[in-house]
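Here the structure is laid out as structure tokens; the discussion comes afterwards.
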């Protein structure tokens, strides 16, 4: 019996592209690098900040990656919330799922406090039972630590949970946690890409996902 729905955030529930791009560009400029194009930035959204740095700069300098994270966070603190929007229908979906008795959580590579700020902006705080952000785990996705922590604290079993996400990182996280995965196509990952994973369902958007859940 399905008891809980756990969501990724970026490109699943909302779009922070502008805020992320501003923060990445600021950090890289401060470190003396050219700014990447928006297409390359979009491909990193959903990765940890360390992996974002490694992907965009193509090196593995951990000390500089830590500087990148610090500079990113400083800029993001001033621009991210204002430059984040929830997708159309997301609040209605969350309200509908809550009304049906489902527990709702978010497991994301965004900072926990940032998700709280974004939810507060849209008056959606009370629709989420648990948030697991980057600072809440030792190892970020696709390691299942955050997802398993959420499942435990929702007082559910793995087989009673769906994880909803937009990327192969999310699909791999669900696989590692032995949790059913539902894909949404509002990110940069295609339907064909998701077919390499055992996705329970692939929806165009979060409203499609809600309709699927309510048929279970």
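Would you confirm whether any residue within the stretch 63-85 is within 25 Å of residue 161 (Cβ to Cβ), under 15 Å from the mean Cα position of the chain (by Cα) and either at pLDDT below 95 or not in a helix (DSSP H, G or I) (or both)?
no
Among (1) touching a helix residue (DSSP H, G or I) at 6+ places or on another chain (Cβ under 9 Å); (2) in contact (Cβ under 8 Å) with a residue 24 or more places away in the chain; (3) surrounded by fewer than 20 Cβ atoms within 10 Å (Cβ to Cβ); (4) over 13 Å from residue 12 (Cβ atoms), where does residue 212 come up short?
Going through the list (1) touching a helix residue (DSSP H, G or I) at 6+ places or on another chain (Cβ under 9 Å); (2) in contact (Cβ under 8 Å) with a residue 24 or more places away in the chain; (3) surrounded by fewer than 20 Cβ atoms within 10 Å (Cβ to Cβ); (4) over 13 Å from residue 12 (Cβ atoms), residue 212 breaks only (1).
Starting from the stretch 154-178, take each residue that is over 19 Å from residue 140 (Cα atoms) and list its partners that are part of a helix (DSSP H, G or I), counting only C-beta distances under 6 angstrom and pairs at least six apart or across chains.
161/151
I'm trying to understand the selection: among the residues of the stretch 95-116, which are surrounded by 15 or more Cβ atoms within 10 Å (Cβ to Cβ), out of contact with any strand residue (DSSP E or B) (no Cβ under 7 Å at 6 or more places or on another chain) and without any contact (Cβ under 8 Å) to a residue 60 or more places away in the chain?
Matches in the stretch 95-116: 111, 114.
Filtering the stretch 46-62 down to residues that are part of a loop (DSSP other than H, G, I, E, B) and either within 18 Å of residue 140 (Cα to Cα) or not assigned by TED's automatic domain parsing to the domain that holds residue 36 (or both), which residue is modelled with the lowest pLDDT?
60
The values are calculated or read from the model by the stated rules, or taken from the named source; none is laboratory data. Keep in mind it's a predicted model, so treat the numbers as computed, not measured. Here the Cβ is made from the backbone with ideal geometry for all residues, glycine too, and neighbour counts use every protein chain on show.
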